[in-house]
Every structure is written in C-alpha cells, then in structure tokens.
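Below: one structure, written as structure tokens.
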Amino acid sequence: MIKDIDRRILPLSDDLTQMLVDHQNRDPEGHPYVFVPAARYDHIQQDLRAKSNWTYTDSTRKVVPLFNRHFNKILVRAGIDHGTFHDLRRTVICNWFAEGLSELEVMHLAGHANFATTHRYYLKVRDDLVHRARQVV
C-alpha cells in the first residue's frame with residue numbers, strides 16, 4: 001500500500017534511471033517492487049497473505065526493518081557513519097530548492113499539499129549557506 005493515493009513523476013538522472021532499470025531487470029517479469037527482493041515478495045504474497053497471516057502493520061514492521069538492514073550495509077560500504085533512506089528524500093528536496101527551483105515547484109515535487117510542510121521539515125539551512133553568504137559580502 002502506498003501512503004496516499006497521489007502519484008507523481010519525479011525527475012531522475014539518466015544514470016540513476018538506468019541503475020534502477022538494471023536492478024529491476026534482475027527480478028522476475030512483473031515483479032512490482034524495486035527494493036523488495038522477489039523471493040521476499042513471493043513469500044509474503046503466497047505464504048503469508050494468502051493464508052491471512054499478513055496485515056498492513058506487518059508491512060511496516062517486517063519489510064521496513066529488513067530493508068533498513070540492507071540500506072545500512074550500503075552506508076557502511078560508502079563510509080557513511082549513520083543515515084536513513086529518508087535522508088535521500090531530504091537531501092534531494094533541499095537541493096532542488098538550493099539549485100533554484102521555486103518554493104511552489106519544490107512543494108509539488110515533494111508531494112505536499114502546502115508549503116508550510118515543505119518548509120518545516122525539508123528546507124533546513126544548508127551547511128554551505130553561511131559560507132556562501134560570506135562570499136557575497
């Protein structure tokens with residue numbers, strides 16, 4: 001289940017798009033998710049959900065922690081001490097704004113109903129903002 005019924009198209013670089021395509025092509029035809037391994041998805045659908053042993057709550061408690069374990073391994077390999085997958089969302093939203101997209105454009109791409117949400121949670125002061133301001137002065 002997705003968080004809400006709104007769907008949107010997000011801009012991805014050609015390299016990232018190709019990486020996601022390559023990743024998904026390694027899964028069986030028709031597999032619906034990029035980041036849930038096919039074997040795990042099949043187990044959930046055939047063994048658990050078909051026998052009424054799977055709930056929406058299970059999806060957040062049993063799929064997300066498994067995903068986080070894999071994501072944390074990626075962080076270690078990249079030399080990053082800590083982080084969450086959601087940090088990628090925060091970073092891109094902040095970067096869109098820093099690179100000149102308007103507040104309205106960032107809000108729409110983030111999928112927020114109003115700018116207050118975007119501003120409150122995502123548009124934090126970037127580390128380089130003070131340095132850039134000093135350069136201007």
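All of the numbers you see were taken from the coordinates with simple rules; none came from a lab. Nothing here was measured: the structure is a model prediction, and the numbers come from that model.
How large is ³J(HN,Hα), in whole Hz, for each residue of region 32-45 in order, when computed from phi with the Karplus curve 6.51 cos²θ - 1.76 cosθ + 1.60 and θ = phi - 60°, using x for Gly and Pro?
Each residue's phi maps through the Karplus curve to give x, 10, 7, 9, 10, x, 4, 4, 5, 4, 4, 4, 4, 5 Hz.
Once each part is reduced to its C-alpha centroid, what is the distance from region 16-45 to region 76-120 in angstrom?
25 Å
Averaging over all projection directions, find the projected area of the Cα convex hull of region 74-137 and quote it in nm² with one decimal place.
Spelled out: convex hull of the Cα atoms, projected over all directions, averaged, 5.6 nm².
Beyond 19 Å, what percent of the Cα pairs of the chain remain?
Summing the P(r) tail past 19 Å for the chain gives 67 percent.
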